[in-house]
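Below is the structure I would like to discuss, written out as structure tokens.
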Amino acid sequence: MKRRHHSRRARAAVSRRAFIAGLSALGAGAVGCTSGPYRPSSPFPIGVAAGDATPTSVVLSTRYVGQAPTLRVAVSTTDTPVRSTDVRLPVTPGDGGFAQVTLDGMTPGSWYRYVFEAVDATGAVVETSTEGRFRTALPPDALVPVTFGAVCCTKYTHDFSALTSAGARRDLDAFILLGDICYADGAKSREDFREHWGFTLDTPQYRALRAATSVVPLWDDHEIRNNWERATLDPVLFDTALAAFREHQPVRSDPASPGRLWRKLSWGRTVDLFVMDSRSERDREHGHYVSPEQLAWLIDGVTTSKAVFKLLLNTVPIGAFDTPFFGPFGDDMWLAYPDQRREVLSAIDKAGTRGVVWISGDFHLACIGRVSHPGQPGDRQLEALIGPGAQASNSLPSYPGAPQWDWASGINNWTELRLDPATRSITFRYHDKNDHVFHEATYTP
Amino acid sequence: MYAVAVLALLSVGLASAPPSPVSGVPRLALARAPADAPLADEATLRPGEAPTAARARADTPAPAPKARLALAHGVAVSATVATAVLAVLAASVVPSQCYEAEGQPDPVCSAQGLMLGAALQVGLALAVVPEVYRLANDASGAGDIRAARASAWKWARWPALAGLIFVSTYLVGAAVEKQHYGDGQAAMLAGVLGTLASWITFDVLTVVGASAGYKESRRAQP
């Protein structure tokens, strides 16, 4: 695996962070807090979002809390503002005013714009959402560069300004929301979850980001509570949280397996995105980090993929974070499920699959390096941790470093991933809240 | 956690501390006193000299009123916690600056911060805590603050030494960690946990020692 590495040591304007856990509570005084219950800021409080784009289809979603009886979506088939002559489709909001619609029959690799309109009984438009954009995925045989954005760990009590520049970008083909997007810890009822999601998405940064391009949403532990696993979670709480996740994020549902969140999204022959579900199928008693079905799907999909790049969207890192400092967190990682971890890493190694990149989050730090120590399965596979987008940085006094890891940082960020199939290179650019690229590195996995 | 640990240990320490754990302190006072000094706090009894009744009374510690002693204890504990907070804040400055410059923590910077914080706490606690026992002085008697400080050091010097060793352990671990990720973490972990335990023990024993030294040196006013 070749890499070009360029690190810019930024004297970034980060908030004060303490260096050990005992100090962090004293030092990190920048934590804000919301006051009072959530109140929607507008008739379309969480803006609009497009998600899970395929070459010909996309899922659009919004929430409408106004008084108009009817909702519709207007779509511009060119990357120009929606006009009155553009096609309009009726949308039926569900409970809470949440509306999702799947558009089909679109042109691959094309940019579209859309708005949701609230229509009164006379047919007049009384309220209009902000305008959203998305690009349909590339046609199956396309082999052109693709640029994604990614973020995780955005707690609404923290400063979201690191997301601002991502929402202003017009060239991101899609944006990966890699879990812990909403911190709903403690929520029990649907209304509780909606409140947490409202605080998170009813913000200028998320409204702009989700309107700028399509998203690829994943969930992780804090969408319910810290470090949950399905086998020990109250099933009612799980169903409630999953429903809240689905009504707030445009996630494609497979009619054959409506509860399943793991899925594959392809952008031509440039990249296959393996969108994993690292939470819903955990079963510690049987050593399952994911279900055997998901594991088989992942291994088969990655090792037989014809795409140049295979991005494994993983939420919780698979890397060998096995040092004493990470000991207390070991139970939540792939490392705690050694059989499945070895199985997937060995299978990819054995197949000689190139272009594999694990994209992970959760740790409140960004880093890039090899998954495993030399001589162990996965020692040539690349893993990049992204985030945190809006969270306290990891408070450990030592971050991952050489020789396994090339770089690490705890600065709040969003990550740009540029995939160039011609050179088989992937470039990571980490943007801070001032849109300063504080780290850039290119690898040829 | 720190405050809880200190208070819990102090509740045991202050209640069970022997009246004179520091045999060296009165002797220091005796050595300083002139032979013909009046019989007061530092009344002398030369070796071989038969004690008179007055001298015997002068050499017996005069108990402080319970309310005043309790006040002094309370302020001493608060002062210890306050110095610890100050030391921790000071200790966080160095690693915070390194963090902001590098975007990630530097183990050696955190070791420097730990050293600074521990040193500050030793100095501040020994300087401040014995002084607050002046609050227990009144018309009926007064204690010797120097004796209280000497007693505090006598009680707390071993945890201070242990703290020095653990901070050094952390520093060595940090240096190793900087060269090869993961290799120094065990030493750093042992160092920080040991430092924390030493720190808490030092704080508790400083208060207990200062209290014991004060009570032992307290004499009735002439």
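The values are calculated or read from the model by the stated rules, or taken from the named source; none is laboratory data. Quantities reported herein were computed from a predicted structural model and do not represent experimental measurements. Using ideal geometry, Cβ is built from the backbone for each residue, glycine included, and neighbour counts are taken over all protein chains shown. Note: areas computed on protein heavy atoms with side chains; ligands, DNA, RNA excluded. Shrake-Rupley method; radii C 1.70, N 1.55, O 1.52, S 1.80 Å.
So in the range B:170-205, with the set limited to residues that are under 20 Å from residue B:98 (Cβ atoms) and of a type in the set (Ser, Thr, Tyr), which one is nearest to the other protein chains (Cβ to nearest Cβ)?
Ranking the candidates gives B:181 first.
Now for a different question. Restricting attention to the range A:295-313, does a residue exist that is open to solvent by 30 Å² or more (accessible area, probe 1.4 Å) and either touching a residue at least 60 places away in the same chain (Cβ under 8 Å) or in a strand (DSSP E or B) (or both)?
So far as the range A:295-313 goes, no, none of its residues is open to solvent by 30 Å² or more (accessible area, probe 1.4 Å) and either touching a residue at least 60 places away in the same chain (Cβ under 8 Å) or in a strand (DSSP E or B) (or both).
Let me ask another. I need a count of the residues in the range B:107-130 that are more than 30 Å from residue A:401 (Cα to Cα), open to solvent by less than 10 Å² (accessible area, probe 1.4 Å) and of a type outside the set (S, T, N, Q).
Residues that pass the stated criteria total 3.
Scan A:199, A:160, A:175 and give me the residue that is open to solvent by 20 Å² or more (accessible area, probe 1.4 Å), out of contact with any Cys (no Cβ under 6 Å at 6 or more places or on another chain) and not polar (S, T, N, Q). If you could, list the steps in order and put the result at the bottom.
Details: A:160 fails: open to solvent by 20 Å² or more (accessible area, probe 1.4 Å); A:175 fails: open to solvent by 20 Å² or more (accessible area, probe 1.4 Å).
Checking each option against the conditions leaves just A:199.
Also: Given A:372, A:360, which one is within 14 Å of chain B (Cβ to nearest Cβ), buried (at least 16 other Cβ atoms within 10 Å of the Cβ) and either touching a Leu at 6+ places or on another chain (Cβ under 9 Å) or not hydrophobic (A, V, I, L, M, F, W, C) (or both)? Please lay out each step first, then the result.
Working: A:360 fails: within 14 Å of chain B (Cβ to nearest Cβ).
The unique qualifying residue is A:372.
Go through A:241, A:187 for me and flag whichever is in a helix (DSSP H, G or I), under 20 Å from residue A:96 (Cβ atoms) and open to solvent by less than 10 Å² (accessible area, probe 1.4 Å).
Details: A:187 fails: in a helix (DSSP H, G or I).
Residue meeting the stated conditions: A:241.
Just to check your reading of the model, which residue among A:94, A:123 is of a type in the set (Gly, Ala, Ser), at pLDDT below 95 and closer than 30 Å to residue A:156 by Cβ?
Details: A:123 fails: closer than 30 Å to residue A:156 by Cβ.
None of the other options fit; the residue is A:94.
In addition: Pick from the range A:319-360 the residues that are at pLDDT below 95 and of a type in the set (D, E, K, R): which of them is nearest to residue B:177 (Cα to Cα)?
Per the criteria, the residue is A:322.
Right, another one. Return the residues of the range A:375-394 that are open to solvent by less than 10 Å² (accessible area, probe 1.4 Å), over 23 Å from residue A:444 (Cα atoms) and assigned to a loop (DSSP other than H, G, I, E, B); say none if nothing qualifies.
Those that are open to solvent by less than 10 Å² (accessible area, probe 1.4 Å), over 23 Å from residue A:444 (Cα atoms) and assigned to a loop (DSSP other than H, G, I, E, B): A:388, A:389.
Next question, about the same structure. Only residues that are more than 7 Å from chain A (Cβ to nearest Cβ) and of a type in the set (D, E, K, R): list them for the range B:96-111, please.
Result: B:106, single match.
Determine whether residue B:140 is away from chain A (no Cβ under 13 Å), modelled with pLDDT under 95 and over 30 Å from residue B:181 (Cβ atoms).
Numbers: away from chain A (no Cβ under 13 Å): yes; modelled with pLDDT under 95: yes; over 30 Å from residue B:181 (Cβ atoms): yes.
In short, yes.
Yes/no matrix, rows are residues, columns are (1) touching a Phe, Trp or Tyr at 6+ places or on another chain (Cβ under 7 Å); (2) β-branched (Val, Ile, Thr):
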site: A:113; (1), (2): no, no
site: A:122; (1), (2): no, yes
site: A:128; (1), (2): no, yes
site: A:155; (1), (2): yes, no
site: A:158; (1), (2): no, no
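Would the range B:95-104 turn up any residue that is open to solvent by 10 Å² or more (accessible area, probe 1.4 Å), more than 19 Å from residue B:219 (Cα to Cα) and not in a helix (DSSP H, G or I)?
yes
From B:164, B:114, which residue is within 13 Å of chain A (Cβ to nearest Cβ) and within 27 Å of residue B:210 (Cβ to Cβ)? Show your work before the answer.
Details: B:164 fails: within 13 Å of chain A (Cβ to nearest Cβ).
Selected residue: B:114, the only one of B:164, B:114 that is within 13 Å of chain A (Cβ to nearest Cβ) and within 27 Å of residue B:210 (Cβ to Cβ).
It is to be established whether one or more residues within the range A:412-425 are touching a Lys or Arg at 6+ places or on another chain (Cβ under 7 Å), within 13 Å of chain B (Cβ to nearest Cβ) and closer than 23 Å to residue A:162 by Cβ.
Yes, that holds for at least one residue.
When the residues of the range B:137-183 are filtered to those that are in a loop (DSSP other than H, G, I, E, B) and either of a type in the set (A, V, I, L, M, F, W, C) or on the phi > 0 side of the Ramachandran plot (or both), which remaining residue is least open to solvent (accessible area, probe 1.4 Å)? Even if it seems obvious, please write down each step before you answer.
First, pick out the residues of the range B:137-183 that are in a loop (DSSP other than H, G, I, E, B): B:137, B:139-140, B:143-144, B:180-183.
Of the ones still in play, those that are also either of a type in the set (A, V, I, L, M, F, W, C) or on the phi > 0 side of the Ramachandran plot (or both) are B:139, B:182.
Values: B:139: 96, B:182: 15 Å².
Among those that are in a loop (DSSP other than H, G, I, E, B) and either of a type in the set (A, V, I, L, M, F, W, C) or on the phi > 0 side of the Ramachandran plot (or both), it is B:182.
How many residues are of a type outside the set (S, T, N, Q) and either in a loop (DSSP other than H, G, I, E, B) or open to solvent by 20 Å² or more (accessible area, probe 1.4 Å) (or both) when one looks only at the range A:395-434?
If we filter the range A:395-434 for residues that are of a type outside the set (S, T, N, Q), which is where we start, we get A:396-397, A:399-403, A:405-408, A:410-411, A:414, A:416-422, A:424, A:426, A:428-433.
The next check asks that each one be either in a loop (DSSP other than H, G, I, E, B) or open to solvent by 20 Å² or more (accessible area, probe 1.4 Å) (or both); those that pass are A:396-397, A:399-403, A:406-407, A:410-411, A:418, A:420-422, A:424, A:429, A:432-433.
The number of residues fulfilling the criteria is 19.
Among the residues of the range A:331-342, is any within 14 Å of chain B (Cβ to nearest Cβ), open to solvent by less than 10 Å² (accessible area, probe 1.4 Å) and either under 23 Å from residue B:104 (Cα atoms) or not in a helix (DSSP H, G or I) (or both)? Give the derivation first.
So in the range A:331-342, the residues within 14 Å of chain B (Cβ to nearest Cβ) come out as A:335.
With the extra rule that they be open to solvent by less than 10 Å² (accessible area, probe 1.4 Å), the set shrinks to none.
No; the residues of the range A:331-342 include none that is within 14 Å of chain B (Cβ to nearest Cβ), open to solvent by less than 10 Å² (accessible area, probe 1.4 Å) and either under 23 Å from residue B:104 (Cα atoms) or not in a helix (DSSP H, G or I) (or both).
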